[in-house]
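Participant: Handing you this structure, nothing more for now.
The values are calculated or read from the model by the stated rules, or taken from the named source; none is laboratory data. If you're wondering where the values come from, they're calculated on a predicted model, not measured in any experiment. Note that each Cβ is placed from the backbone with ideal geometry, even for glycine, and that neighbours are counted across all protein chains shown. SASA here: full protein model, heavy atoms, side chains in, ligands and nucleic acids out. Shrake-Rupley method; radii C 1.70, N 1.55, O 1.52, S 1.80 Å.
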Amino acid sequence: MKSILLCEGKSDAILISYYLNKVKGWEFYRKKDKRKINIPVRNIQNEEANWYRLGDDLLAIWGVGGKDNFKYAIQQVLKINRLADKEDAFNKIIILTDRDYSENDEDLLNELSEYLEEVDLRNNEWSEKEYTNEFEESIIVRILPIIIPFNKNGALETFLMDAICEIGKEECYIVEKSKEFIAGFDLNKYVNIQRLKVKGELAVTFGVMFPQKTFTLIDEMLKSIDWEKYKTIQNGFKKLEEI
């Protein structure tokens, strides 16, 4: 079985791979599939693609470099499936994105459905679509969109801060004060749009929780918390355990 998970960025990919390793045992395999299936990354500064293995199953996790790149990434995955033998095709496609403050599920799902060549999609539920490759073989692909947070607008950072609040009162206090701190800025050059503000809130939260890691990569801070223990993450990523 071969699956691919598309997410917005490198941080998303790091968090998901960490979670699947802790909960299901997926292990890093390599940068490229042994059968030479190439994940067509265009910008290595903003994108990340790695392969993971669980028994005989393979999973590619591709941080596509932003929501605007989902169309390209999905088109490339479908192209791979059209050109590949049935045994080498992706059997599952998972798309994990967040719900920005101006978006709703219906619009997001309709957009993804169009990229996937018209699939009836529901958030956090599997759908099936039959495709035909160039060898005239029928390929049944299971497709799972996950839009987080489930119960409100926000980004991955919102989702993570909700999980941090579950750790304890002090952590929740840090999150709230970080939000107040960022809300106090009224600048033209910095944190001047909502998407940057929420990133700033998480950055300040991490800076207070892990001051000794201020000069380390965000990857290390993400790995410093046992995310799999908290209900926000468990509920949000539960379906990923079905890969």
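Participant: Step through the residues of segment 8-21 one at a time and calculate ³J(HN,Hα) from phi using the Karplus curve (6.51 cos²θ - 1.76 cosθ + 1.60, θ = phi - 60°), rounding each to whole Hz and writing x for Gly and Pro.
Facilitator: 6, x, 5, 4, 4, 5, 5, 4, 5, 5, 4, 4, 5, 5
Participant: For segment 1-91, what is the accessible area per residue in Å², given a 1.4 Å probe and the full set of protein chains? Provide the component values of the computation, followed by the final result.
Facilitator: Values: 4340 Å² over 91 residues.
Result: 48 Å² per residue.
Participant: Amide H of residue 148: which non-local residues (sequence gap of 5 or more, or other chain) have their own amide H closer than 5 Å, using H built in the peptide plane?
Facilitator: Placed amide hydrogens put 97, 98, 99 under 5 Å from residue 148.
Participant: Given +1 on the Cβ of Lys and Arg, -1 on the Cβ of Asp and Glu, and no further charges, what dipole in debye does segment 116-243 carry about its Cα centre, rounded to the nearest 20? Show your work: numbers first, answer last.
Facilitator: Details: 17 positive and 24 negative charges, 180 e Å.
Roughly 860 debye for segment 116-243.
Participant: Right, another one. Please give, to one decimal in nm, the separation of the simple spin-label points placed at residue 45 and residue 234, each 7 Å out from Cα toward the Cβ.
Facilitator: Placing both labels 7 Å along Cα→Cβ, they lie 4.1 nm apart.
Participant: Tell me, in nm to one decimal, what length is gained between residue 241 and residue 213 on full extension, where the rule is 0.36 nm per residue of separation less the Cα-Cα distance? List each step's numbers first, then the result.
Facilitator: Working: separation 28, 0.36 × 28 = 10.08 nm, distance 3.06 nm.
Net length gain for the segment: 7.0 nm.
Participant: Now for a separate question. Roughly how compact is the chain, stated as its Cα Rg over 2.2 N^0.38 Å to two decimals? Intermediate values should be presented prior to the final figure.
Facilitator: On the way: Rg = 18.5 Å, N = 243, 2.2 N^0.38 = 17.7 Å.
Working it through for the chain, the quotient is 1.04.
Participant: What is the projected area of the convex hull of the Cα atoms of segment 108-243, averaged over all directions, in nm²?
Facilitator: Working: hull surface 45.6 nm².
Mean projected area of the Cα convex hull: 11.4 nm².
Participant: For the chain, take the longest principal axis of its alpha carbons; what is the angle in degrees between that and the long axis of helix 194-209, to the nearest 10 within 0 to 90?
Facilitator: Compared with the principal axis, the helix lies near 70 degrees.
Participant: Could I get the Rg over Rh figure for segment 169-218? Both from C-alpha atoms, Rh via Kirkwood, rounded to two places.
Facilitator: Details: Rg = 11.3 Å, Rh = 11.4 Å.
That ratio is 0.99, to two decimals.
Participant: Now for a separate question. Going by accessible area, probe 1.4 Å, with all protein chains left in place, what is the ranking of 161, 209, 1, largest first? Mind dumping the intermediate values first?
Facilitator: Details: 161 0, 209 45, 1 115 Å².
Per-residue accessible area, sorted high to low, gives 1, 209, 161.
Participant: Just name one of 184, 143, 155: the one whose Cα is farthest towards the positive end of the charge dipole of the chain (beta-carbon charges, Lys/Arg +1, Asp/Glu -1).
Facilitator: So the residue we want is 184.
Participant: Rule-of-thumb check for segment 65-129: C-alpha Rg over 2.2 N^0.38 Å?
Facilitator: Numbers: Rg = 12.6 Å, N = 65, 2.2 N^0.38 = 10.7 Å.
Cα Rg divided by the expected 2.2 N^0.38 Å: 1.17.
Participant: Here is a follow-up. Given all pairs of different Cα atoms, what value in angstroms does the Kirkwood hydrodynamic radius of segment 73-169 take?
Facilitator: On the way: mean 1/r = 0.0672 Å⁻¹.
Kirkwood radius, segment 73-169: 14.9 Å.
Participant: So in the chain, which Cys have no other cysteine's beta-carbon sitting under 4.7 angstrom from theirs?
Facilitator: Singleton cysteines: 7.
Participant: Here's another thing I want to ask about it. If I take every Cα pair under 8 Å that is 6 or more residues apart in the chain, average their sequence separation and divide by the length, what percent do I get for the relative contact order?
Facilitator: Details: 378 pairs, mean separation 45.7, N = 243.
Relative contact order, the chain: 19 percent.
Participant: Right, next: Tell me, what HN-Hα J-couplings in whole Hz come from the Karplus equation 6.51 cos²θ - 1.76 cosθ + 1.60 at θ = phi - 60° for each residue of segment 224-235, using x for Gly and Pro?
Facilitator: Ordered by residue, 3J(HN,Hα) equals 7, 10, 7, 4, 5, 7, 10, 4, 4, 6, 4, 5 Hz.
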